[in-house]
Structure formats: C-alpha cells, structure tokens
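**Q** Okay, handing you the structure first.
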Amino acid sequence: MLFRGVFERSLILARLLPQSIRIERICSPVCMRYYSSKEEEKKKQFKIYTRTGDKGRSSLFTGERRSKNDAIFEALGTTDELSCAIGLAGEFGNDAGHKFMDKLEKIQCLLQDVGSNIATPRTKAQDSKLARTEFPSGTVAELERWIDEYTEQLPPLTNFILPSGGKTSAFLHMARAICRRAERRLVPLVNSGDTDPEVGKYVNRLSDFLFTLARYAAMTENKEEKIYRRVKGQDS
C-alpha cells in the first residue's frame, strides 16, 4: 500500500477525528499532533488497517478512489520512500554527532506537506481542501540558504564524486538519488496542474541540498570521498 504508508493515515485521521478534538500543527499541515481528553481517546480508537485497499484501489484526500498504480500514488510512494531514506541517514548522522538533524526532521515534516499536496489534485479539489493542503511558502529559499551555508565550508568540487564518505554521507547520497526519482514522478503531475509547481521546485532543490549535505558530512567526519576515474579496458 503505497499511500497508506504515511500520508493516507494522516489524511484519514484529519477527516475522521471528532470536531471536539483540538488539532494543532507542529511544523506542517499534515504533520500534526492531535490532542484529546482521556475519555475521548477511549471512545475513539483507530486501526492501522482498513481493508478498503484490498482490491488495489485507494483514496485521495478529495475522496476520489484510484488504482494504486496511478501516477499520484507513484509520486506519494516515492516521496514516502524519500522520507524513510532521510530518516535512516539522520540516524547515522545522529550517531556521528552531526548538528544538522533538526534540518532533516523539518524536511521530513515538509515532505508530509508535499504528500498532502500531491494527494489533493489542484484541478479537482474543493477550495477548502486546497487551502488546507497548500504548500508552505519560503521553503525553496530556505533550502537555498542552507545549500549556500554548507557550500561555503566545503572544498571546491573539481571531480565527479561517487556515493561514499562514510555511512552518513553514503545514505544522504542514497536519499538524493531517491529524491531525483521523486522529482521525475512529480513532473507530469505539476505539468497537468494537479500538483503545486512549488512542490516540484522544492523537491528539485532538496536533491541539491542532500548532495551538499552528504559532502559536508564526509568532510566533518574526516571520511574520504571517492572520485570518478575512467576505467581502462583490459586491452588498453
């Protein structure tokens, strides 16, 4: 179940929770914390499984049901995969004592926003749902500031580098590659008008940030970055 990995559970909760429960945003529209009294918690328990996707179809935030191999679910699944890769890289980074963990956590929250925007086709959704899943402004500029900040601390890039430089760096490179795939999945959705163009720009810039952060992690851990060298044929 691609969508049900993270995004659909968040959206289902948003639709099903009683209005008496106070909803407060932590860092994004979908990455939310739900508060309720102990009595209300006892009254309403949510199961992880719903059985509604057993026939290969799932719901968008608009309520529309589509096949799970639809372009929207492909984009959602890849975005979820990207968040998982960032989380894994973050765990290695935390073990290594890096100070950029708050940035990775914020990015994971923003990827939830990316997911909610993807799951709400802009060409079909009601205004209330469009407003609720609008992608936060200023996020692309923030990534660019972070890229510039870390780039200033890095040696000039004079060769193609291979994913390497220690566990943190290598997993950030893996996240970068997944991010590129997520961007490819987003292109047709942005071009059709179903997904906010800012979402596409954010994911594009995110891959640049992950590349920069991977190099920074290797440098601060004093790990060697392997560079590309042309492999000569046996007959050369």
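The values are calculated or read from the model by the stated rules, or taken from the named source; none is laboratory data. Just so it is clear, the structure is predicted and the values come from calculations on it, not from any experiment. Note that we place each Cβ from the backbone using ideal geometry, even for glycine, and neighbour counts take in every protein chain shown. Note: accessible area is taken over every heavy atom of the protein model, side chains too, but ligands, DNA and RNA are not part of it. Shrake-Rupley method; radii C 1.70, N 1.55, O 1.52, S 1.80 Å.
**Q** With the requirement that a residue be open to solvent by 20 Å² or more (accessible area, probe 1.4 Å), under 18 Å from Leu206 (Cα atoms) and in a loop (DSSP other than H, G, I, E, B), what does region 127-153 give you?
**A** Once the filter is applied, which keeps residues that are open to solvent by 20 Å² or more (accessible area, probe 1.4 Å), under 18 Å from Leu206 (Cα atoms) and in a loop (DSSP other than H, G, I, E, B), region 127-153 yields Pro136, Ser137, Gly138, Glu152.
**Q** While we're on this one: One residue is enough: does region 117-124 have a residue meeting the conditions modelled with pLDDT under 95, among the hydroxyl-bearing types (Ser, Thr, Tyr), surrounded by 19 or more Cβ atoms within 10 Å (Cβ to Cβ) and within 17 Å of the chain's Cα centre (by Cα)?
**A** Looking for residues that are modelled with pLDDT under 95, among the hydroxyl-bearing types (Ser, Thr, Tyr), surrounded by 19 or more Cβ atoms within 10 Å (Cβ to Cβ) and within 17 Å of the chain's Cα centre (by Cα), one finds at least one in region 117-124, hence yes.
**Q** Can I ask one more? Would it be correct to say that Arg176 is without any contact (Cβ under 8 Å) to a residue 40 or more places away in the chain, touching a Leu at 6+ places or on another chain (Cβ under 7 Å) and buried (at least 21 other Cβ atoms within 10 Å of the Cβ)?
**A** yes
**Q** Any idea how many residues of region 70-87 are in contact (Cβ under 8 Å) with a residue 12 or more places away in the chain, over 30 Å from Ser164 (Cβ atoms) and open to solvent by 20 Å² or more (accessible area, probe 1.4 Å)?
**A** Residues that pass the stated criteria total 1.
**Q** Shifting gears a bit: For region 55-68, does any single residue satisfy the condition of being open to solvent by less than 10 Å² (accessible area, probe 1.4 Å), of a type outside the set (S, T, N, Q), at negative phi and part of a loop (DSSP other than H, G, I, E, B)?
**A** Yes, that holds for at least one residue.
**Q** Being within 16 Å of Ala175 (Cβ to Cβ) and either among the charged types (D, E, K, R) or without any contact (Cβ under 8 Å) to a residue 40 or more places away in the chain (or both) narrows it down to one of Gly97, Gly90, so name that one.
**A** Testing whether each residue is within 16 Å of Ala175 (Cβ to Cβ) and either among the charged types (D, E, K, R) or without any contact (Cβ under 8 Å) to a residue 40 or more places away in the chain (or both) leaves just Gly90.
**Q** Confirm whether Pro136 is modelled with pLDDT under 95 and out of contact with any helix residue (DSSP H, G or I) (no Cβ under 7 Å at 6 or more places or on another chain).
**A** For Pro136, the condition - modelled with pLDDT under 95 and out of contact with any helix residue (DSSP H, G or I) (no Cβ under 7 Å at 6 or more places or on another chain) - is not met.
**Q** Okay, moving on. Would you be able to say whether some residue in region 181-204 is under 19 Å from Gly77 (Cβ atoms), modelled with pLDDT of 95 or more, part of a helix (DSSP H, G or I) and hydroxyl-bearing (Ser, Thr, Tyr)?
**A** Yes: region 181-204 contains one or more residues that are under 19 Å from Gly77 (Cβ atoms), modelled with pLDDT of 95 or more, part of a helix (DSSP H, G or I) and hydroxyl-bearing (Ser, Thr, Tyr).
**Q** Identify the residue in region 194-212 that is open to solvent by 50 Å² or more (accessible area, probe 1.4 Å) and not aromatic (Phe, Trp, Tyr) and, among all such residues, is farthest from Gly138 (Cα to Cα).
**A** Selected residue: Asp208.
**Q** Tell me the residue from Lys103, Lys124 that is assigned to a helix (DSSP H, G or I), among the charged types (D, E, K, R) and either closer than 20 Å to Pro197 by Cα or touching a residue at least 40 places away in the same chain (Cβ under 8 Å) (or both), please.
**A** Checking each option against the conditions leaves just Lys103.
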